[in-house]
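Undergrad: Input: one structure, supplied below.
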Amino acid sequence: QRRISGAREWRMVSSPVNTTYGDFLDGTLTQGYTGSTLGSAALDSLQPNVLTYLESFEGTDNQRYRAPTNATQSVTQGQGIFVFIFGNVAADARYNDPIPDTLDVEGQEWDGDGTEVDFGITYTATADTGWNLVGNPFAATIDWDDSPNWTKTNVENTIYVWDPSANGGNGEYLTWNGTTGTLGGGLISPFQGFWVKANAASPVLAVDKEAKTTGGSFKRKENKETVSDPQMEFSLQADGLSKKTNIMFSSTAGKAKDNNDGYRLLPFSSTHLELHTLLEDGTELAINNLPLDFNSRYKIPLHIAAYRDGIPFSGEMELIWSGLRNIPDDWIITLIDNDTQDEINIKDQTSYTFNHSTRSKISKTNPFSPGSKLKSKGKVSADGARFTLLISTEQIELEVPEEVFLAQNYPNPFNPTTTIPFGIDEDADVSIIIYDILGRKVHTLVNKRLTAGTYDVTFQANHLASGVYFYRLITQSKVLVEKFTLIK
């Protein structure tokens, strides 16, 4: 048995035993397919409230959600199922299914091949590129972090669980990547469905029966494991709502999307807060895993927004960062409010209160469909984020100049190699171009975006004749020119 409490809402569930949809959801009001509770109604008159997800279906995201063909259809082992719990709708006598409700099912626990259960996940580049809705196949809690008892091939480390009680009772996706996240730990209880994402062809996700443990709750289970790498958790609170996002640092991370990052998924509810970090390409992350070793400043865009009933709302909000763990003493962490230009040292404070004003017209969230799974199609520009989290070290700051400079090359005169020192005080697109005495461009030495800092670039003039030349540094804020002499 599994008790379902809370409000009228979607739930992510799975069956721990070999059974049919009819037996699994016996006592829960269902509709939209043959043999459902309201199956006497025309099938096209009621939207199905029992849905699985077929990643390999080459259609739209909504088309990949599939209803059972009949209540006698067998449930698939390890499959996640979305079920909408209607509760008691006073205005419609058909929907008289008071909450709390109980899933009550009997049968043989899934056995797989006798040793492990294979979830049968897929990766279809022409379909949904790897999102799979799966579920705990056992009548006992399983531990996502119990690595020896899982096979995870071409599968990202983050799991996503919909918790209807989060976000002030409006619901929220909770995440866990084995180290950090809002789920609090990797224990997955019986009857719990969750999302995983395959990231390459021929993925495999399988769990050994030895992964079964005890404890856990239907939504989450706190994990008190010792944390060694630096971690940060930020919480946005406003008008009775809350939203969290996580940042971690590890030796296996990359600046682009990696396996320990977690996407920000759209919630079902039209009343919610948004708080997530952004990659340079606009990818929205609920968990951002960054390289532990870095030699230039991190500038992490932090996006916020707020919606009530699908309408943006303004007002006073509070950003809290109580979850700072194992931060090195020499790290300098500054929260920059891009609207007010306030700069807050988050090592000295625990929160920041600010006024938020609306910038958009409607929420992208469709609160009535589990198709809201995917990250936002309309990405937020990193330049438009309300906050920037600036992370640096004392050593990095010593190497960042107070202003853009271009120094005299050395040696000078030279033959045929020389070094040009320069520096920029903030991240910028930088060009260094070589000109002859008549002002003709003879070589482009640098043409790329650089992080703030001091640099030495080498110029080899094997292809040039002796004479006087100029080198010019160009950034958005400044143009500087110096002269040097080549003597062969």
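Undergrad: Given 20 °C and 1.002 mPa s, how large is the Stokes-Einstein diffusion coefficient of the chain in µm²/s, with Rh as the Kirkwood radius over Cα pairs?
TA: Once the numbers are plugged in, D ends up at 84 µm²/s.
Undergrad: Can you give me the relative contact order of the chain as a percent, contacts being Cα pairs under 8 Å and 6 or more apart?
TA: 11
Undergrad: Add +1 for every Lys or Arg and -1 for every Asp or Glu among the other residues with Cβ under 11 Å from the Cβ of Leu390, and state the total.
TA: So the surrounding residues net to -2.
Undergrad: Here's a follow-up. Which of the peptides 195-206, 406-417 is most tightly packed, and how do the rest follow, going by the mean number of other Cβ atoms within 10 Å of each residue?
TA: In decreasing order of mean packing, 195-206, 406-417 become 195-206, 406-417.
Undergrad: In addition: Whole angstrom only: what separates the Cα centroid of region 250-313 from the Cα centroid of region 414-488?
TA: The two parts, judged by their Cα centres, are 37 Å apart.
Undergrad: Quick check: Cα centre of region 1-76 to Cα centre of region 121-163, how many Å?
TA: Each part reduced to its Cα centre gives a spacing of 20 Å.
Undergrad: Using 7 Å Cα-to-Cβ label points, what is the His443/Asp113 separation (nm, one decimal)?
TA: The answer from the label model is 6.0 nm.
Undergrad: Considering just Cα atoms, how many Å³ per residue does the convex hull of region 222-292 enclose?
TA: Output value, Cα hull per residue: 116 Å³.
Undergrad: For Ala200 and Asp145, what is the calculated FRET efficiency with R₀ set at 25 Å and r taken between the beta-carbons, to the nearest 0.05?
TA: 0.70
Undergrad: How long, wide and thick is region 6-155, going by the Cα atoms along their three principal axes, in whole angstroms, largest first?
TA: Taking the Cα atoms of region 6-155, the three principal extents are 51, 36, 28 Å.
Undergrad: Going by a ≥ b ≥ c, the root eigenvalues of the Cα gyration tensor, does region 85-143 fall in the rounded group (a/c under 1.5), the prolate group (a/b larger than b/c) or the oblate group?
TA: oblate
Undergrad: So, for the chain, what is the accessible surface per residue at a probe of 1.4 Å, expressed in square angstrom?
TA: 44
Undergrad: For every helix of n ≥ 4 consecutive DSSP H residues, a contribution of -39,500 (n - 2.57) applies; sum these over the chain, divide by its total residues, and give [θ] at 222 nm rounded to the nearest 500 deg cm²/dmol.
TA: -500 deg cm²/dmol
Undergrad: Just subtract the alpha-carbon distance of Ala91 and Glu280 from 0.36 nm times their residue separation and send over the number in nm, one decimal.
TA: Contour length minus Cα-Cα distance gives 63.2 nm.
Undergrad: Tell me, what HN-Hα J-couplings in whole Hz come from the Karplus equation 6.51 cos²θ - 1.76 cosθ + 1.60 at θ = phi - 60° for each residue of region 3-19, using x for Gly and Pro?
TA: Taking θ as phi minus 60°, the curve returns 7, 10, 10, x, 9, 4, 5, 5, 10, 9, 10, 8, 9, x, 9, 6, 7 Hz for region 3-19.
Undergrad: Given an 8 Å cut-off on Cα distances and at least 6 residues of separation, report the relative contact order of region 1-154 as a percent.
TA: Relative contact order, region 1-154: 34 percent.
Undergrad: Let me ask something else about it. Run the quick spin-label model on Thr102 and Gln1: label points 7 Å from Cα toward the beta carbon, then report their separation in nm to one decimal.
TA: The answer from the label model is 0.2 nm.
Undergrad: Just to make sure I understand: if all protein chains stay in place, what is the order of Arg64, Arg3 by accessible area at 1.4 Å, largest first?
TA: So the residues, ranked largest to smallest area, are Arg3, Arg64.
Undergrad: Next up: Using R₀ = 56 Å, calculate the FRET efficiency as 1/(1 + (r/R₀)^6) where r is the Cβ-Cβ separation of Tyr435 and Glu58; round to 0.05.
TA: 0.55
Undergrad: Beyond 16 Å, what share of the Cα-Cα pairs of region 409-488 remains, rounded to the nearest whole percent?
TA: 48
Undergrad: What is the spin-label model distance, in nm, from Ser466 to Glu399 if the labels are put 7 Å beyond Cα along the C-beta direction?
TA: 3.8
Undergrad: Tell me, what does the Kirkwood hydrodynamic radius of region 231-356 come to in angstroms if you use every pair of distinct C-alpha atoms?
TA: Hydrodynamic radius (Kirkwood, Cα only) of region 231-356 equals 15.5 Å.
Undergrad: Test of understanding: what is the full-extension gain from Leu480 to Gln73, defined as 0.36 nm times their sequence separation minus their Cα-Cα distance?
TA: 139.2 nm
Undergrad: Filter Lys197/Lys448; Lys257/Lys347; Lys244/Lys299; Lys209/Lys257; Lys441/Lys478 down to the pairs with a C-alpha to C-alpha distance above 22 Å, please.
TA: Table pairs above 22 Å Cα-Cα are Lys197/Lys448; Lys257/Lys347; Lys209/Lys257.
Undergrad: If the label point is 7 Å along Cα→Cβ of Asn355, which residues in region 297-328 have backbone nitrogen under 16 Å from it?
TA: Within reach of a label on Asn355: 313-318.
The values are calculated or read from the model by the stated rules, or taken from the named source; none is laboratory data. Owing to the predicted nature of the structure, the values given are computational and were not obtained by experimental measurement. All Cβ positions, even for glycine, are placed from backbone atoms using ideal geometry, and neighbour counts span all protein chains on display. For accessibility, only protein heavy atoms count, side chains too; no ligands or nucleic acids. Shrake-Rupley method; radii C 1.70, N 1.55, O 1.52, S 1.80 Å.
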